[in-house]
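Q: Let me begin by handing over the structure; questions about it come next.
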């Protein structure tokens, strides 16, 4: 089957914008192939918006009943769902958590991984991944050998599909991991996530010092 599984990333129970971009990339690939479905899974309990997920590119979306999921438990859940839905490609955001899960999922599926991709296309029926190397000084195109592949996609390089449809929603059972997360402590700055920003304003020595940073905030 030509199904693509997208592992969604959540924050405070909501789907992160980077995951919607990943859904859009998956939609483009399925449309290029001409068959298959885009299936999304949130390995933690989340508020799934059928309209938003469908518009982004998902045909089906599911979440688990896990409140806080450990990395190994989340990966085990994604591996099981990937096998159940016959996915030949698993996509994730190239975030700190996404990179962690991508490696775990690739190991669980015993397949190759293309990390930090900035483009994906279908060439002669196979996926070709574009990714930077040497700290971004060069760009290479790679193929992952084998029937199943895993890839993480950088944010702000893809776009949600923008379809006028809704996704079919469901729930699934979470796999228990060897590690158990007992709580999370996150520092909040009140500012948008830099990794999800479309524009970044910065200042140098000409600003004179921190006392003038409010001028940059006003421009932003």
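The values are calculated or read from the model by the stated rules, or taken from the named source; none is laboratory data. Computed from a predicted structure; not experimentally measured. Every residue, glycine among them, receives a Cβ derived from its backbone with ideal geometry; neighbour counts consider all protein chains shown.
Q: Could you please give the count of residues in segment 130-166 that are part of a loop (DSSP other than H, G, I, E, B), more than 15 Å from residue 22 (Cα to Cα) and under 20 Å from the mean Cα position of the chain (by Cα)?
A: Adding up the residues that qualify gives 4.
Q: How many residues does segment 29-55 contain that are assigned to a loop (DSSP other than H, G, I, E, B), within 17 Å of the chain's Cα centre (by Cα) and either closer than 27 Å to residue 123 by Cβ or free of Cβ contacts under 8 Å to residues at least 12 places away in the same chain (or both)?
A: Residues in segment 29-55 being assigned to a loop (DSSP other than H, G, I, E, B), within 17 Å of the chain's Cα centre (by Cα) and either closer than 27 Å to residue 123 by Cβ or free of Cβ contacts under 8 Å to residues at least 12 places away in the same chain (or both): 1 in total.
Q: Moving to a separate point now. Being more than 36 Å from the chain's Cα centre (by Cα), part of a helix (DSSP H, G or I) and surrounded by 10 or more Cβ atoms within 10 Å (Cβ to Cβ) is the filter here; which residues of segment 200-220 pass it?
A: 207, 212
Q: With the checklist (1) surrounded by fewer than 16 Cβ atoms within 10 Å (Cβ to Cβ); (2) under 15 Å from residue 24 (Cα atoms); (3) in contact (Cβ under 8 Å) with a residue 60 or more places away in the chain; (4) in contact with a strand residue (DSSP E or B) (Cβ under 6 Å, 6 or more places away or on another chain) in hand, flag the one item residue 119 doesn't pass.
A: Just one mismatch for residue 119, condition (3).
Q: Let me ask something else. Does segment 95-107 contain at least one residue that is touching a helix residue (DSSP H, G or I) at 6+ places or on another chain (Cβ under 7 Å), buried (at least 17 other Cβ atoms within 10 Å of the Cβ) and not in a helix (DSSP H, G or I)?
A: Scanning segment 95-107 turns up at least one residue that is touching a helix residue (DSSP H, G or I) at 6+ places or on another chain (Cβ under 7 Å), buried (at least 17 other Cβ atoms within 10 Å of the Cβ) and not in a helix (DSSP H, G or I).
Q: Please tell me if residue 91 is touching a strand residue (DSSP E or B) at 6+ places or on another chain (Cβ under 8 Å), modelled with pLDDT of 95 or more, under 20 Å from residue 159 (Cα atoms) and buried (at least 21 other Cβ atoms within 10 Å of the Cβ).
A: Here the answer is yes, as residue 91 does meet what is asked.
Q: Turning to a different aspect of this structure: Check 58, 18, 26 and return the single one that is part of a loop (DSSP other than H, G, I, E, B) and either within 24 Å of residue 99 (Cβ to Cβ) or at pLDDT 95 or above (or both).
A: Result of the check over 58, 18, 26: 58.
Q: If the Cβ limit is 7 Å and pairs must be 6+ apart or interchain, which residue in segment 133-156 that is under 22 Å from residue 82 (Cα atoms) pairs with which residue that is in a loop (DSSP other than H, G, I, E, B)?
A: Pairs found: 146/111; 148/111; 149/111; 150/111; 152/94; 153/94; 154/94; 154/118.
Q: Still on this structure, please answer the following. Looking at (1) at pLDDT 80 or above; (2) assigned to a loop (DSSP other than H, G, I, E, B), find the lone condition where residue 169 falls short.
A: Of everything listed in (1) at pLDDT 80 or above; (2) assigned to a loop (DSSP other than H, G, I, E, B), residue 169 misses just condition (2).
Q: Pull up segment 6-15, narrow it to residues that are assigned to a strand (DSSP E or B) and in contact with a strand residue (DSSP E or B) (Cβ under 7 Å, 6 or more places away or on another chain), then point me to the one that is surrounded by the fewest Cβ atoms within 10 Å (Cβ to Cβ).
A: 10
Q: Still on this structure: Considering every residue within segment 126-134, establish whether at least one is under 20 Å from residue 36 (Cα atoms), at pLDDT below 95 and surrounded by fewer than 16 Cβ atoms within 10 Å (Cβ to Cβ).
A: yes
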